[in-house]
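Visitor: My structure is below; once you've seen it, I'll send some questions.
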Amino acid sequence: MAEKMTHEQADALLRKYVKGENYITHSMAVEAIMKGLAKRLAPDDVEYWGCCGLLHDLDEETCPWRDDISTHGPTSAKILKDEGWDDEVMANAIMAHNPLCGKNPETTLEYALIAADPMSGFVKAVAQIYPDKKLASVKHKSVNKRFNETRFAAGANRQYLMEIEKTGISWDEFIDIALESMLEIADEIGL
Ligand SMILES: [Fe+2]
């Protein structure tokens, strides 16, 4: 691979293919969590891990995932390639965040991404419980408590969230990293 993608390049790509505001803020939240995780797991690749987070749903508005979930991930990989990014590490990480496409996570980056994706939505759902709906109000304890309520934010795949432990980061640490990372961009993502 000749060069590693920068945040500016990833952001331009995202905005070219994804227009929905909710998808954009979700992507930004996953980018923030991925950067937080990279500070612990891959300090030389913080920006790059962020790009993988920012682009993990690049095909959200392009592929027919509602009809065929296995297209979600491989379509992003194809877009990246067509855009001149022949980056197998990024393509694999993006595909592995949706194992239903046939690619299971097997590297630290891949485990981090499959966990960071549902974590962003889970933390957001916990924030919605508070009267001010602000991320700043969310306590570590309440994230943990809600995790065990299977009906709460049922769309946040608990099994995928637990993949974080395969990176060596515990669930407890993951909560703190996610809260701190998302708090840094709370205004931008409307939380
Ligand atoms: Fe996602």
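Visitor: Which of the residues that make up the range 121-150 are hydrophobic (A, V, I, L, M, F, W, C) and free of Cβ contacts under 8 Å to residues at least 24 places away in the same chain?
Guide: Passing the criteria: only Ile129.
Visitor: Out of the residues in the range 129-143 that are out of contact with any Leu (no Cβ under 9 Å at 6 or more places or on another chain) and in a helix (DSSP H, G or I), state the one that is farthest from Ile175 (Cα to Cα).
Guide: Ile129
Visitor: Now for a separate question. Condition first: surrounded by 18 or more Cβ atoms within 10 Å (Cβ to Cβ), under 17 Å from Leu113 (Cβ atoms) and not aliphatic (A, V, I, L, M). Can you find one or more residues in the range 8-21 that meet it?
Guide: no
Visitor: From Asp87, Asp187, Asp82, grab the single residue that is of a type in the set (Asp, Glu) and either touching a helix residue (DSSP H, G or I) at 6+ places or on another chain (Cβ under 7 Å) or farther than 24 Å from His7 by Cα (or both).
Guide: Checking each option against the conditions leaves just Asp87.
Visitor: Please indicate, with yes or no, whether at least one residue in the range 143-152 is of a type in the set (Val, Ile, Thr) and either closer than 24 Å to Ala38 by Cα or within 13 Å of the ligand (Cβ to nearest atom) (or both).
Guide: Checking the range 143-152: at least one residue is of a type in the set (Val, Ile, Thr) and either closer than 24 Å to Ala38 by Cα or within 13 Å of the ligand (Cβ to nearest atom) (or both).
Visitor: Go through the range 35-50 and count every residue that is buried (at least 21 other Cβ atoms within 10 Å of the Cβ) and either over 18 Å from Arg15 (Cα atoms) or within 16 Å of the ligand (Cβ to nearest atom) (or both).
Guide: Number satisfying all stated conditions: 6.
Visitor: Within the range 72-86, can one find any residue that is of a type in the set (Ser, Thr, Tyr) and either within 15 Å of the ligand (Cβ to nearest atom) or not in a loop (DSSP other than H, G, I, E, B) (or both)?
Guide: yes
Visitor: For the range 106-122, which residues satisfy the criterion of being of a type outside the set (Gly, Ala, Ser) and either surrounded by fewer than 14 Cβ atoms within 10 Å (Cβ to Cβ) or within 13 Å of the ligand (Cβ to nearest atom) (or both)?
Guide: Answer for the range 106-122, where residues must be of a type outside the set (Gly, Ala, Ser) and either surrounded by fewer than 14 Cβ atoms within 10 Å (Cβ to Cβ) or within 13 Å of the ligand (Cβ to nearest atom) (or both): Glu106, Leu113, Ile114, Asp117, Pro118, Met119, Phe122.
Visitor: Still on this structure, I have one more. Collect the residues in the range 7-26 that are within 15 Å of the ligand (Cβ to nearest atom), touching a residue at least 40 places away in the same chain (Cβ under 8 Å) and farther than 20 Å from Leu183 by Cβ, keeping them in residue-number order.
Guide: Within the range 7-26, Ala10, Leu14, Tyr17, Val18, Gly20 qualify.
Visitor: In the list Ala77, Ala29, which residue meets the criterion of being under 26 Å from Leu179 (Cα atoms) and either at pLDDT 95 or above or touching a Pro at 6+ places or on another chain (Cβ under 8 Å) (or both)?
Guide: Exactly one residue qualifies, and that residue is Ala29.
Visitor: Can you tell me which residue within the range 123-134, out of those that are of a type in the set (A, V, I, L, M) and at pLDDT 95 or above, is surrounded by the fewest Cβ atoms within 10 Å (Cβ to Cβ)?
Guide: Among those residues, the one meeting the criterion is Ala125.
Visitor: So, one more: Based on what the data block shows, is Ala32 within 17 Å of Ile185 (Cα to Cα), surrounded by 16 or more Cβ atoms within 10 Å (Cβ to Cβ), away from the ligand (no atom under 16 Å from the Cβ) and under 14 Å from the mean Cα position of the chain (by Cα)?
Guide: No.
Visitor: Looking at Gly20, is it more than 20 Å from Glu163 (Cα to Cα) and among the small types (Gly, Ala, Ser)?
Guide: Yes, satisfied.
Visitor: Has the range 51-70 got any residue that is assigned to a helix (DSSP H, G or I) and surrounded by fewer than 21 Cβ atoms within 10 Å (Cβ to Cβ)?
Guide: yes
The values are calculated or read from the model by the stated rules, or taken from the named source; none is laboratory data. What you see is a predicted model; the values in this text were computed from it and never measured. Using ideal geometry, Cβ is built from the backbone for each residue, glycine included, and neighbour counts are taken over all protein chains shown.
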